Number of protein chains: 2
Amino acid sequence: MSPLPTSAPDDAAAGSNDARLPPSLSRDLRRRLGPSGFIEEPDRLLAYESDALTTIRGVPLAVTLPATRDELCATVRLLYEAGVPFVPRGAGTGLAGGAVARSAVLVVTTRLDRILGVDPAERLAVVEPGVVTDAISAAAAPYGLRYLPDPASASACTIGGNVATNSGGPHCLKHGVTSDHVLALEVVRPDGTTLELDRGESGGLDLAGLFIGSEGTFGIASSITVRLVPRPEAVRTFLALFGGVSDAGRAVTEILEAGVLPVALEIIDGTTIRAVEASVYAAGLPTDTGAALVVECEGSEEEAEEQMSVALAAVQAAGPREVRLAATESDRARVWRARKNAFGALGRLGPDVMLQDAVVPRTELPTLLPRIEEVAERHDLQLANFFHAGDGNLHPNIVFDRRDPDQARRVNAACREILDLCVRAGGTITGEHGVGLDKLKFMPLVFGEPELEAMRSLKRAFDPTGICNPGKVVPSPPSGGGRA
Amino acid sequence: MSPLPTSAPDDAAAGSNDARLPPSLSRDLRRRLGPSGFIEEPDRLLAYESDALTTIRGVPLAVTLPATRDELCATVRLLYEAGVPFVPRGAGTGLAGGAVARSAVLVVTTRLDRILGVDPAERLAVVEPGVVTDAISAAAAPYGLRYLPDPASASACTIGGNVATNSGGPHCLKHGVTSDHVLALEVVRPDGTTLELDRGESGGLDLAGLFIGSEGTFGIASSITVRLVPRPEAVRTFLALFGGVSDAGRAVTEILEAGVLPVALEIIDGTTIRAVEASVYAAGLPTDTGAALVVECEGSEEEAEEQMSVALAAVQAAGPREVRLAATESDRARVWRARKNAFGALGRLGPDVMLQDAVVPRTELPTLLPRIEEVAERHDLQLANFFHAGDGNLHPNIVFDRRDPDQARRVNAACREILDLCVRAGGTITGEHGVGLDKLKFMPLVFGEPELEAMRSLKRAFDPTGICNPGKVVPSPPSGGGRA
């Protein structure tokens, strides 16, 4: 593959893979995991060369797929004893290159997919890391419960990956992200031993909280205890269509200032709408719409109805062209299908999509959205934006063709300008996708060297030999002498 | 003072204080902080020998009271350079001996009491650590906002202490504890330099989350950014009176199973009711009541009213003797005054109170409450219980006279039995007061040695020389060779 537009200059080189798995380790892993648990054939390894951010790649030395907790511990211990670095991976739906293994072995958790227990009285479930996020809610449904965080990829991604990146989702506005819904973890440490981590509510430190969002650099969660919450009695959803994104941004401010906190407040811009409408996920939106705002309220029948009416009144102040209520459950499902497949639909507009994941203070939305569009225009690039507007988490996407080196250079420059704008407005470089490899170079935009060094010291405390997902999340020290 | 009933055998010895402050450090601190910022006179130091848990004491080497951020950094740096350990302290309302300084200098934050800013649009406030918790809500009130966590001592305790212990409070059932309401921190590290910590939502690790609840063992928060939330439109409160605590516990289960999550669900037992009714905080409850349950719902007028009516219907299943609605705001205030002053009122029953802070799965409440009472009866001790029933956080208090060595021994034995019961039922040893010195010996009940060692390694990462609040939170390794 060609070099990567927004990656650091050394990324392409790092993709080349001279290291080899020691033959004795290969033999031990194959013996322990069996033929369905160990992959070393070069052409089969290619399937694991990237996560969902296809612009960052690297072929792993081998792929391990432990199917039991014991196999997981044994795999990590064998790698540790051989001194071979490893990278944890769930379903590979990540968007920051966090699951790319270069000169390292992938430890894939998808076969660890058992729901170990659902306790409706205590409202919790204990699951293995490879359980698909939506499957937790499915298991809880008979008790009127659900697992709340809903990344757009919830039908494919795994809870272990959600823990690694502290995933959000459209419905996390009101009820919080993964970290707010994980009660405890068992983790396999980089040496293959296990630790029971809880949230510090038993006294002591919030070890589980520190692990959540550490992107697989501290170990691998082998069992995850999640909170379940009651399914709402009623859900009300409407779509408001606007001439442009800054009007939609103003509508978000009006709703929040009216004192309503919907469970979801999502904006999709005109370019994205046109891509979605041309796809199988078409939701029947006029293709000359500048922006669509999705508002969803939940609660008892009375609560949902009341919040809805306040939100409907509030959006009027931003001058919508049209407001559409989702009258039926199938209307509602169609709206969400369109939103959740927006990223995929952008594939229609060009061969490559540079997905950003910036955050801005939500009050800055109306000011920043036109400035972000201006950056893309100035670099002659096509911008498609969709975002969790309620918490200011933007996904400005640039559609391009990386085979055109000049275009790739302009994408790189525009991305940095956009993130700079967001950081200078008091925001940050990633809202929910994580740092992985992709955002490493932007970390110094938001963190000082002392803060980065504090992160490195915690990493060393959990992973003294630096064997577990090395080189991710925290950039190396400026001198280049240390270990991230 | 006499030896301490529930403290480790060496606690009394540790209270004796042979160490002295080096004269040059004394001179430097006095010069830097002025006469109102430095205390070394033995009789004045006595005022700082304990926090609100008066059974654990120790006279500090000196007390420093920096009044500015620069003074705070300079104080810590001077202590660090002299190699003299220090203990952070807010208002001293803690209940676990966490702010007791033995052979160490106290760094008291109460003069760092400025509200640095309130941003109503972004719904946050930036405050110094010595700001009294209630003062944040007072500053936010003109904007219709409030700071949510409400420890019973909110009118006296400081936000810095709340961060240290990750404080809860009666209204944290629905909306979460301190950790859920702190957005970012600036902290002074044990060497006097500062770090900006955020919640890992900017990418990277949740450094702020790790610091919250570390009980002053990682450094001292110098500036705290907290979330503000809208004041509710309506609040509805009622009291249900029962024959005994297990009936009240059943009522809690009924309410939660009816799908309502009140903002507060508090139980006060008969012994506590009688103590409160004999005090100036009397709320007019019949003194033959076995237990009172306080239920509070918040939201829009419609929401609060609806939740209330569901909760009222649900408690009927547990057979209350009487249900009283708080019809006016002054009725409501009277109920909460009684609850929040319950601990103080117990002072009427005996010279000493051993306050516990156990947690049990809330579904275990009806089973465990009579068993806890049985333990106290068997040891011939007077138990008074009040607790955050919605999240199973119990405060079983034993009233006693520590001058009676046999009674003190029985208190010690009963406390361990009660905590053992709670831990074996899937609970833990502290819900909100922290570990401090008081719960150190119980940490191995809930954590294995590998988990404790993981905590020690994080402590070392933040505080390599072990100068900051040494000996708290995490017990020393079994060999005694390491450093907590």
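The values are calculated or read from the model by the stated rules, or taken from the named source; none is laboratory data. These numbers were taken from a predicted model, which means no experiment stands behind them. We place every Cβ from the backbone using ideal geometry, glycine too, and count neighbours over all the protein chains shown. Quick note on the areas: whole protein, heavy atoms, side chains included, nothing else; ligands and nucleic acids left out. Shrake-Rupley method; radii C 1.70, N 1.55, O 1.52, S 1.80 Å.
Things to note:
- Selection status of A:G319, in contact with a strand residue (DSSP E or B) (Cβ under 7 Å, 6 or more places away or on another chain) and open to solvent by 10 Å² or more (accessible area, probe 1.4 Å): no
- Conditions (1) touching a residue at least 24 places away in the same chain (Cβ under 8 Å); (2) in contact with an Asp or Glu (Cβ under 6 Å, 6 or more places away or on another chain); (3) more than 14 Å from every other protein chain (Cβ to nearest Cβ); (4) assigned to a loop (DSSP other than H, G, I, E, B): number failed by A:T287: (1)
- Residue list for the stretch A:291-311, filter: in contact with a Pro (Cβ under 9 Å, 6 or more places away or on another chain) and of a type outside the set (S, T, Y): A:L293, A:V294, A:V295, A:E296, A:C297, A:E298, A:G299, A:E303, A:A304, A:Q307, A:M308, A:A311
Residues checked against (1) within 17 Å of B:I467 (Cα to Cα); (2) at pLDDT 95 or above; (3) in a loop (DSSP other than H, G, I, E, B); (4) open to solvent by 10 Å² or more (accessible area, probe 1.4 Å):
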site	(1), (2), (3), (4)
B:D28	no, yes, no, yes
B:R32	no, yes, no, yes
B:R44	no, yes, no, yes
B:A52	no, no, yes, yes
B:R57	no, no, yes, yes
B:D70	no, yes, no, yes
B:A91	no, yes, yes, yes
B:V100	yes, yes, yes, no
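- Selection of the stretch B:248-281 for residues being farther than 29 Å from A:R146 by Cα and outside any loop (DSSP other than H, G, I, E, B) yields B:I268, B:D269, B:G270, B:T271, B:T272, B:I273, B:R274, B:A275, B:V276, B:E277.
- Residues within the stretch A:178-202 that are in a helix (DSSP H, G or I) and more than 8 Å from chain B (Cβ to nearest Cβ), tallied: 1
- For the stretch B:252-310, a tally of residues being touching a Leu at 6+ places or on another chain (Cβ under 9 Å) and acidic (D, E) returns 4.
- Helices (runs of 4 or more DSSP H) completely within the stretch B:373-484 that count 2 or more residues being under 23 Å from the mean Cα position of the chain (by Cα) and within 9 Å of another protein chain (Cβ to nearest Cβ): B:443-446, B:449-462
- Hey, A:L205 without any contact (Cβ under 8 Å) to a residue 24 or more places away in the chain, within 14 Å of another protein chain (Cβ to nearest Cβ) and among the aliphatic types (A, V, I, L, M) or not: yes
- Among residues of the stretch A:297-309 that are at the interface with another protein chain (Cβ under 9 Å from one of its Cβ atoms), those with a Cβ under 7 angstrom from a residue that is surrounded by 15 or more Cβ atoms within 10 Å (Cβ to Cβ) and part of a helix (DSSP H, G or I), sequence gap 6+ or separate chain, pair up as A:G299/A:Q307; A:S300/B:E306; A:E302/B:E302; A:E302/B:E306; A:E303/B:E303; A:E306/B:E302.
- Filter result (surrounded by 23 or more Cβ atoms within 10 Å (Cβ to Cβ), of a type outside the set (S, T, Y) and under 27 Å from B:T93 (Cβ atoms)) within the stretch B:221-238: B:A221, B:I224, B:V226, B:L228
- Inclusion of A:L440 among residues that are in contact (Cβ under 8 Å) with a residue 24 or more places away in the chain, open to solvent by less than 40 Å² (accessible area, probe 1.4 Å) and of a type outside the set (K, R) is warranted.
- Taking the conditions (1) open to solvent by 10 Å² or more (accessible area, probe 1.4 Å); (2) more than 7 Å from every other protein chain (Cβ to nearest Cβ) in turn, B:F218 satisfies each one other than (1).
- Condition check for A:R111: over 30 Å from B:T253 (Cα atoms), more than 14 Å from chain B (Cβ to nearest Cβ) and open to solvent by 50 Å² or more (accessible area, probe 1.4 Å): yes
- Criterion (in contact with a Phe, Trp or Tyr (Cβ under 9 Å, 6 or more places away or on another chain), open to solvent by 50 Å² or more (accessible area, probe 1.4 Å) and in the same structural domain as A:F238 (by TED's automatic domain parsing)) met by exactly one of A:L312, A:L325: A:L325
- Of everything in the stretch B:145-163 that is under 9 Å from the mean Cα position of the chain (by Cα) and among the small types (G, A, S), the residue that is farthest from B:G392 (Cα to Cα) is B:G161.
- Identity of the residue in the stretch B:140-177, surrounded by fewer than 18 Cβ atoms within 10 Å (Cβ to Cβ) and among the aliphatic types (A, V, I, L, M), that ends up farthest from the other protein chains (Cβ to nearest Cβ): B:A156
- Residue match in the stretch B:463-478 (condition: among the small types (G, A, S), open to solvent by less than 30 Å² (accessible area, probe 1.4 Å) and farther than 27 Å from B:I267 by Cα): yes
- Within the stretch B:251-269, tally of residues that are crowded, with 21+ Cβ neighbours inside 10 Å and in contact (Cβ under 8 Å) with a residue 60 or more places away in the chain: 12
- Residues located in the stretch A:401-417, provided they are touching a helix residue (DSSP H, G or I) at 6+ places or on another chain (Cβ under 6 Å) and crowded, with 23+ Cβ neighbours inside 10 Å: A:A414
- Flag for A:A99 being within 15 Å of A:D28 (Cα to Cα) and touching a residue at least 60 places away in the same chain (Cβ under 8 Å): no
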